[in-house]
Structures are given as structure tokens and as C-alpha cells.
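Peer 1: My structure is below; once you've seen it, I'll send some questions.
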Amino acid sequence: MAEVLIYVDHVDGAVRKPTLELLTLARRLGEPVAVHLGPGAEEAAKVLGEHGATRVLAADAPEFADYLVVPKVAALKAAYDAVSPAAVLVPSSGEGKEIAARLAVRLESGLITDAVDVEPGDEGPVATQSVFAAAYTTRSRITRGTPVITVKPNSAAPEAASAAGTVEQLPVEFDDAARGTKVTSRTPRESTGRPELTEAAIVVSGGRGVNGAENFPVIEALADSLGAAVGASRAAVDAGWYPHSNQVGQTGKSVSPQLYIAAGISGAIQHRAGMQTSKTIVAINKDSEAPIFDLVDYGVVGDLFNVLPQLTEEVKTRKG
């Protein structure tokens, strides 16, 4: 059976959920081979093996932390040369998409980004995408070279499938280009205790209707009761009510959670482009003619300051 390379997204060996989703998708195409760069490969191999990785190609070098992106591309190219895979799957984060694009150039192969599904086809993997501000759904395949595909978080539910997960050392050589951009400092992001926005199963977002930074705690309270991430529309971010890192939309982050709750958001195309692939969408808005209601699975016409506190209390009551 053909092998499929999976780029492992992790934090010091703690494998992040999008990688487990990729392993689930990769098993449709062949035998997953994970590529783990940096420390913690032995610890990560257990989790990767439990989700179907037959092998874990591991490399650790200071270049992965000290320089931007290019050393990781060099390592993934080395893994490609060692495996000759049928496809390469990468998590669709900002860094992941840059790695995938640079790898595709080196392989002289086609690239598909932000896929929401991947399945086998007669002439290679077929990827499903939501395109043109989520106005269309397309099915595409690579026609030249080895398919390189980035997949959005929450595109598949991780499924356990025991495999060997054998760790093998991957030799990597770095040229001068790999050391072209050096990281000079890092500042840890302040933790909120909430899930990462792009990976969260539930997202609660606030928009212009929140009417001020001082009112965003009503959004945060509902999010915390659900174990959700907090998002914001561009209008709320531009007004300075919430950080840009939490913006959902075409010029912000693209999310695809199981549940998306939009409170006080009109549903402009810019915002819809970032959340339209959510599995279930709920909107709360005073304006019954708001465009967001054309998109939702469930809509509540009402004042968010009345609706959200009641919903929060109901969630807390049901959780006991």
C-alpha cells in the first residue's frame, strides 16, 4: 500500500489535534508516515501510533527553532525523498501553508490549500474546498507531481487505529538558505485557558452588536460555559473591542468548528468567508433581516444581552 506523509504539528512533543485529524484522513489514502521535527518524538510516537502512524520519521536540530520555516521544508523534502509518498498532508495553519507551498515548489508539484475533506480517487487524492468567500464548494485533484494538501482543522474527527508508530531517525542537511531568517526573540502568548480559535470544536463570536469592549464578557461567559473559543468580527476588532488574533473572517482566521455561535454579527461576506464551513451555525441578532440568517441552521431574533445570559445559565444548569 502507498505511504502518505503527515507533517506533525506539536508543542514540545505534545501532538495537536489537527495532526490526529490528518492521520485519520491519510488512512483513506494509504499508510500514514508521520514527520516529527524538534524535541519529543519518542513521547509523540505513542499518540501518533495510536492514530494510525506506521512510522515516525524524527529529526531534531537547533535550526528548527532558531530559523523560520525553511529548515522544516528541508526536513520534509528529506522525508519525501526517503519515502516517495503518494501524497503529503499538512495542517492548514499559517506556518503549515507556507511549508506546504515551499515544499510544492521544490517538488515541482501542485498544491491545494484549506481542504475540508480528502478522499481517494481513480487518479489520485480528491480534495474538497470551500472557495470564493465560501460561495462555492469545489472538488479538485493535483495533475502534476505528488499532491501536497493542507487541511483545515476540524475537517475530520480523529479516530484511533493502532499501528506500530516506530521511530526512525531522519537525516537532514541544511544549506545557507535554511539559515536566511533568524528568530531573535520569542514572547509567550498569554494563556486565556480557552481552546485555540482555529482548533476549537465550539466558537462563540461577537460583533458590532456587542457595542463595546466592556460588553464582551457576555460573549466570554457563554464561551466559558461551553468550553469554547472566543471570536470577533472585523467590525469589533477594528473598533478595538477585541484583539486581532481573535478575528474571524477573510482578513482574520478561518474556523470550521462543530458549533459556531454568532452574536450581534450582521453576516457580511468578509465574516462569512471565515466561518461558513462550520458544521452547525447559530445566530443571535435583533435585526430579523440580517444577512447572517440566510446562512444559519438556527436563528434567534432578539437582544443578545437578554438571550446570551439566559443561554449561559441554561448551559450551566444542564452541566449540573
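Peer 1: Taking Ala79 as meeting all but one of (1) in contact (Cβ under 8 Å) with a residue 60 or more places away in the chain; (2) in contact with a His (Cβ under 6 Å, 6 or more places away or on another chain), write down the number of the exception.
Peer 2: Failed condition: (2).
Peer 1: Based on this model, can you work out whether Ala58 counts as open to solvent by 20 Å² or more (accessible area, probe 1.4 Å), small (Gly, Ala, Ser), modelled with pLDDT of 95 or more and over 18 Å from Arg144 (Cα atoms)?
Peer 2: No.
Peer 1: Which one is farthest from Leu170 (Cα to Cα), of the residues in the range 62-77 that are assigned to a loop (DSSP other than H, G, I, E, B) and open to solvent by 20 Å² or more (accessible area, probe 1.4 Å)?
Peer 2: So, considering only residues that are assigned to a loop (DSSP other than H, G, I, E, B) and open to solvent by 20 Å² or more (accessible area, probe 1.4 Å), the one farthest from Leu170 (Cα to Cα) is Leu68.
The values are calculated or read from the model by the stated rules, or taken from the named source; none is laboratory data. Everything numeric in this text was worked out from a predicted model, so none of it was measured. For neighbour counting, all protein chains shown are included, and Cβ atoms are generated from backbone atoms with ideal geometry for every residue, glycine included. Accessible surface is based on the protein model in full, side chains and every heavy atom, while ligands, DNA and RNA are left aside. Shrake-Rupley method; radii C 1.70, N 1.55, O 1.52, S 1.80 Å.
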